1. Any residue at all in segment 220-228 that's open to solvent by less than 10 Å² (accessible area, probe 1.4 Å), modelled with pLDDT of 90 or more and outside any strand (DSSP E or B)?
2. Please work out which residue is nearest to Asp122 (Cα to Cα), limiting yourself to segment 162-204 and to residues that are in contact with a Phe, Trp or Tyr (Cβ under 6 Å, 6 or more places away or on another chain) and at pLDDT below 95.
3. Considering (1) without any contact (Cβ under 8 Å) to a residue 40 or more places away in the chain; (2) of a type outside the set (A, V, I, L, M); (3) out of contact with any strand residue (DSSP E or B) (no Cβ under 6 Å at 6 or more places or on another chain); (4) part of a loop (DSSP other than H, G, I, E, B), say which one Asp191 fails and leave the rest.
4. Going by what's in this entry, would Cys210 be described as modelled with pLDDT of 95 or more, under 25 Å from Phe153 (Cβ atoms) and assigned to a strand (DSSP E or B)?
5. Looking only at segment 159-172, how many residues end up being within 15 Å of Ser212 (Cβ to Cβ) and open to solvent by 10 Å² or more (accessible area, probe 1.4 Å)?
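The values are calculated or read from the model by the stated rules, or taken from the named source; none is laboratory data. Model, not experiment: these values are computed from the prediction. No Cβ is skipped: glycine too gets one built from the backbone with ideal geometry, and neighbour counts run over all protein chains shown. Just so you know, the surface numbers come from the protein's heavy atoms only, side chains and all, with ligands and any DNA or RNA stripped out. Shrake-Rupley method; radii C 1.70, N 1.55, O 1.52, S 1.80 Å.
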Amino acid sequence: MVMPEGAPSDQAGGGDQRRTLWRRMSHHYHHRLDGGGRGAVLGAVIGLVGVLLTIAVTTVVTLRATDGSRSGTPPAGPEPRASNPVDAGPVSPPASPSAAPQASPTTGDPTPSATGNATPGDSVRWSGPVRFDDEGIDLDAKPPTVRMDWPVFDSDVRRISAAEDAPLHAEQGYLARWPGPGTPTRQQCADLVATQGNERVHIPVGRIGCLSTSKDRVVMLTVTSFKDDTFAVAARVTVWTSPDESES
């Protein structure tokens, strides 16, 4: 501590001397503060308050930024711009109905086929269910016609026995059982009849037979039922036109 001028150096003089010394020191420092010292202290206090405010504001901003990053809220980006029809380029006009592909008209029923492409002779002349017995059926007629007279000159196929395993009899051509699988084409049926045809062949229910007629047409015959106590046969047939004839 800096002693004021005129202060006694000997402090062992008693209580009065101490009180006198205290009054002198208080008067000395009070005089200095009343002068330029009080302004310096006030400036220091104001500067200290400013520093503290700056630190407080910085801390608050930092804490808010930290809380925002923890919440996972993405920063707001620029608003999406509405698409401009000009930017998308010219709009193609709708296709006219005439531009759609047109299916070409067909004549006759589609020919059953397991493999291969259709040939000109694959045109179907007639297709549907039939019934016949021991007098047979004419498959060249359109539609096929059951024969009611004897002898059966125009019959193409008939049943010659009432037994369930009795063979069918080809009257004018030849008959063969299709080994499968699938459904044969006209050419496949014709090849089967030419290589394995016989006059009498047993065709079980659900199986397919290939037959040639009196006018060289090829027929696919699928047996659907036999009646044990009669000669009746139910079948579904497909009659193809021959390659050298036009459909009539």
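1. no
2. Within segment 162-204, the match that is nearest to Asp122 (Cα to Cα) is Glu164.
3. Evaluating Asp191 over (1) without any contact (Cβ under 8 Å) to a residue 40 or more places away in the chain; (2) of a type outside the set (A, V, I, L, M); (3) out of contact with any strand residue (DSSP E or B) (no Cβ under 6 Å at 6 or more places or on another chain); (4) part of a loop (DSSP other than H, G, I, E, B) leaves (4) as the failure.
4. Details: modelled with pLDDT of 95 or more: yes; under 25 Å from Phe153 (Cβ atoms): yes; assigned to a strand (DSSP E or B): yes.
The answer is yes for Cys210.
5. In the first step, residues of segment 159-172 are kept if they are within 15 Å of Ser212 (Cβ to Cβ); the result is 168-172.
Keeping just the survivors that are open to solvent by 10 Å² or more (accessible area, probe 1.4 Å) gives 169, 171-172.
Total meeting the criteria: 3.
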